Amino acid sequence: MEKKKVLFVCIHNSARSQMAEAWMNRLCGDRFEAESAGLEPGVLNPLAVAVMKESGIDISGKATRSVFDVLKAGTLFSHVITVCDESAAEACPIFPGPAKHLHMGFTDPSKIEGTEEEQLARVRVIRDSIREAVEAFCRQEPN
């Protein structure tokens with residue numbers, strides 16, 4: 001059976017979409033192949049890298065990518081899932097094509113303030129929320 005391709009999209013492809021991609025490939029990679037991209041690719045968020053590593057997933061070597069590069073590559077996705085928070089939803093990129101479009105809103109880790117430990121604690125909550133949303137998606141989506 002061919003895997004369904006899923007694209008996670010956010011603004012910078014530096015944290016939320018990267019975590020969602022990693023969780024999907026880990027949790028239901030037998031049925032789905034996830035990728036991620038952003039409107040304005042940035043640099044991987046070190047807090048996201050750290051909390052994913054705590055969960056046994058190393059995203060430190062992942063490059064950030066532009067939705068335009070993904071679009072030019074011509075890959076067809078069964079699902080495109082935006083993961084921008086609600087306050088940035090209007091800036092969250094729209095990816096054209098026949099895919100089912102879904103939205104899972106998560107707080108932007110780059111906007112979190114406080115001490116490093118406070119920031120890590122909040123990004124852990126985001127990481128766990130993304131995992132829960134991906135698990136729910138995998139349970140609900142048929143093969």
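The values are calculated or read from the model by the stated rules, or taken from the named source; none is laboratory data. Quick caveat: nothing in here was measured; it's all calculated off a predicted structure. Neighbour counts are summed over all protein chains in view; Cβ atoms, including those assigned to glycine, are modelled from backbone coordinates with ideal geometry.
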Seminar exercise, completed: Taking region 60-74 and keeping residues among the hydroxyl-bearing types (Ser, Thr, Tyr) and outside any loop (DSSP other than H, G, I, E, B) leaves Ser66
Exercise. Among the listed residues Arg139, Arg122, which satisfies the condition of being surrounded by fewer than 19 Cβ atoms within 10 Å (Cβ to Cβ), modelled with pLDDT of 95 or more and either part of a helix (DSSP H, G or I) or basic (Lys, Arg) (or both)?
Worked result: Arg122
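Can you pull out every residue in region 1-34 that is in a loop (DSSP other than H, G, I, E, B) and touching a residue at least 60 places away in the same chain (Cβ under 8 Å)? Quick ask: steps written out before the conclusion?
To start, the set of residues in region 1-34 that are in a loop (DSSP other than H, G, I, E, B) comprises 1-3, 11-15, 29-31.
Result: Met1, Ile11, His12, Ser14, Ala15, Arg31.
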For this session: Could you please find all residues in region 40-59 being farther than 18 Å from Val9 by Cα and in a loop (DSSP other than H, G, I, E, B)?
Result: Ser55, Gly56, Ile57, Asp58
